[in-house]
Each structure stands twice: as structure tokens, then as C-alpha cells.
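Nothing in this text is a laboratory measurement; each read-out follows from the coordinates by a stated rule. Computed from a prediction, not measured in an experiment: that's the story for all the values here. Quick reminder, even Gly has a Cβ in these numbers, built from the backbone with ideal geometry, and neighbours come from all protein chains shown.
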Ligand SMILES: O=C(O)CCC(=O)C(=O)O
């Protein structure tokens, strides 16, 4: 690994409540992304791509233990030799110690050999979309290694919590992956928050949103890659597309060296 990563973000439409359709559509787009020249090192997928926000039927639709998703993504990653941060899915978890089964909003990462390298369940559930009534929150930040590069993952609403991104950055993350289903009319929030997380933590932010319409909700896409200086390296429009760009992780160290924010922190005064 040279410190450069070629990224492909699958900004896809998702049919809420139709996992079969979504699996087939994602398979098609993954093959397309992996077949591109130059080939990507990492593919990122949006939030809740298996079920969408079909929350009323989420227990019935969620993937038990994520088994189907893991098998599908692991096989793809190994066959095509590419890392995949597999968006997030609705995962059905068996209840422990007499508790009922629960559904989490969980992302998995797989390396080029098909090994699982990351697993993170959304910590902050989004009350405006009733997530808290149907889903269980995760309990641990999503820090992992991607080909020896320290990385982090947060899901959608999580980006409103700068503390979580800062925690990941303090734990070494140089690149932050963000699968999302972020709707109209909050494009301004989406763009500003992604840039803010990149600037304040001096890291790459790689954010993949869905597009299309689900019921009354219109998702605007605008997946984007922001560098550690806060510049937008690439940004999609509103249509289904595969957004690609190459990032150079050396820029993270350069920016952190120029403005030594981490060394200048005074946590004893505000933590
Ligand atoms: O925070 C927002 O405005 C959108 C968040 C969201 O849609 C989600 O977390 O699913």
C-alpha cells in the first residue's frame, strides 16, 4: 500500500421493504465499480441498503445475524480483490438472557481476501425517522484498520456528533467512512457537517448517501469525498451513480503538521 487509495462510492436508489431487489441492484453496481479502470481499492455503500427505512416490518425483513450480507460481501471482496465497506444493513440480533430479538443498523467492512475487518452499529438513533422505536443502538465506536491505515466509520445522523468523530481521530483514524440515507431538505447540513468533521479532525471524510424517493422522503445523493483541508475532492449529483476519486493519505499528516490541533488541545479544560 502506497498511502494512496482509489475510492468508489455506490450512490444507489434503495427500494424500502424489498431486500431481494436491493441485493440484486447492489450486486450489479458492485460488479460495475470493481470492473472500472483504474480499479478501486475501496468501495463504500449507503446506509440500510438491504431494507431501506421499512421500519414497520423491520424485524421480518432484517438479515438474521447479517449472515446473508456477510457471505455476499465476503465472496465479492475476495473474488474481485477489493476492500468493501458494506454500507449498513438492518441486522436481526438474537435477544440474549430472555430479551427479545432486536434490529441494529450495522455496517461491515471486508478486506481484499474476504476477511471481515470492521463492524459498527449506529450509536445515535435518529428520532425524526422513528429509528429509536424500531432499532437498537450500538455501544462502541467504529475504529478499524484498512490495509494498515487507521480508519473509522460513522453512520448518517452520527455526523451531528463531533465528539464521536474526534474520538475516532484521537484513536488515530486518518479516514472516516460515512454511509447515509440523508434526505431533503437538509443538504446544507450534510455538506457543512461533512466538511466540518474533515477540517476539525484533519482527516478524509468519505460519505456515501442514497438517492431516489421513498414514500414522502426524497434523498438527494450528493455523496462526497472531503480532504483533511476541508476541500471537496469529488461530489455526486442527485442521480444513481458511482463516484470515484483517489486520495493520498500523506495529506492527513501534512495538514496535521501545519496546524497542530491535536497537540494544542487542552482537554483538562473541557472534557
Ligand atoms: O441528521 C439528519 O438530518 C439526517 C439523519 C438521518 O436521516 C439518519 O440518520 O438516517
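Pick from 73, 107, 153: which is most flexible by mean-square fluctuation in a GNM of the chain where alpha carbon atoms under 10 Å apart are linked?
Looking only at 73, 107, 153, the largest GNM fluctuation is found for 73.
Report for the chain the percent antiparallel among DSSP-assigned beta bridges with both residues inside it, nearest 5.
Numbers: 36 of 55 bridges.
Of the beta bridges lying entirely in the chain, close to 65 percent run antiparallel.
To the nearest 0.05, how large is the calculated FRET efficiency for residue 246 and residue 18 if R₀ is 30 Å and r is the Cβ-Cβ distance? The partial results should precede the final answer.
Working: r = 34 Å, r/R0 = 1.13.
The value I calculate is 0.30.
Pulled fully out, how much extra length does the chain show between residue 170 and residue 133, if you take 0.36 nm times their separation in residues and subtract their Cα-Cα distance?
Values: separation 37, 0.36 × 37 = 13.32 nm, distance 3.20 nm.
Stretched fully, the residue 170-residue 133 segment lengthens by 10.1 nm.
Could you give the alpha-carbon Rg of region 4-270 over 2.2 N^0.38 Å, rounded to two decimals? Walk me through the numbers before you get to the answer.
Working: Rg = 17.5 Å, N = 267, 2.2 N^0.38 = 18.4 Å.
Cα-based Rg divided by the globular estimate yields 0.95.
Among 124-130, 146-152, 261-267, how do they line up by average Cβ neighbours within 10 Å per residue, starting with the highest? Before the final figure, lay out each step's value.
Details: 124-130: 15.1, 146-152: 19.4, 261-267: 9.7.
The packing order, highest mean first, is 146-152, 124-130, 261-267.
Figure the gain on full extension for residue 113 and residue 60 (residue separation times 0.36 nm, minus the Cα-Cα span) and round it to one decimal in nm.
Details: separation 53, 0.36 × 53 = 19.08 nm, distance 3.14 nm.
Length difference between fully extended and current span is 15.9 nm.
What angle do you read, to the nearest 10 degrees and between 0 and 90, between the alpha-carbon axis of helix 187-201 and the longest principal axis of the chain?
50
What's the extension gain from residue 217 to residue 200 if we count 0.36 nm per residue and subtract their Cα-Cα distance? If you can, show how the numbers build up before the last one.
Numbers: separation 17, 0.36 × 17 = 6.12 nm, distance 3.07 nm.
Length difference between fully extended and current span is 3.0 nm.
Using 14 Å as the cut-off for backbone N distance, which residues of region 207-231 belong to the label zone defined by a point 7 Å from the Cα of residue 254 along Cα→Cβ?
Counting only backbone N, you get 227-231.
With axes computed from alpha carbons, what is the tilt in degrees of helix 67-80 against the longest principal axis of the chain, rounded to the nearest 10 within 0 to 90?
For helix 67-80, the angle is close to 50 degrees.
With the cut-off at 1.5 for a/c, could you classify region 60-170 from its C-alpha gyration tensor as rounded, prolate or oblate? Display every interim value, and only then the final one.
Details: a/c = 2.11, a/b = 1.18, b/c = 1.79.
Cα axes put region 60-170 in the oblate bin.
Of the peptides 202-212, 46-56, 225-235, how do they stack up when ordered by the mean number of other Cβ atoms within 10 Å, highest first? Intermediate results must be reported in sequence, preceding the final value.
On the way: 202-212: 26.5, 46-56: 24.2, 225-235: 19.1.
My ranking of the peptides, most packed first, is 202-212, 46-56, 225-235.
Once the Cα atoms of helix 19-34 and of the chain are each reduced to a long axis, what angle between those two axes, in degrees from 0 to 90 to the nearest 10, is obtained?
Here the helix axis deviates by roughly 40 degrees.
Identify which of 78, 191, 57 has the largest mean-square fluctuation in a Gaussian network model of the chain, with springs joining Cα atoms closer than 10 Å.
Comparing 78, 191, 57 in a Gaussian network model of the chain, the most mobile one is 57.
Please list 18-25, 7-14, 168-175 highest first by mean number of surrounding beta-carbon atoms within 10 Å per residue. Before the final figure, lay out the partial values.
On the way: 18-25: 15.5, 7-14: 25.1, 168-175: 20.2.
For the peptides 18-25, 7-14, 168-175, the packing ranking is 7-14, 168-175, 18-25.
In percent, what relative contact order does the chain have, based on Cα pairs under 8 Å that are 6 or more apart in sequence?
Values: 631 pairs, mean separation 50.3, N = 271.
The normalised contact order for the chain reaches 19 percent.
For region 1-31 and region 158-237, write down the distance between their C-alpha centroids in whole Å.
Cα centroid of region 1-31 versus Cα centroid of region 158-237: 17 Å apart.
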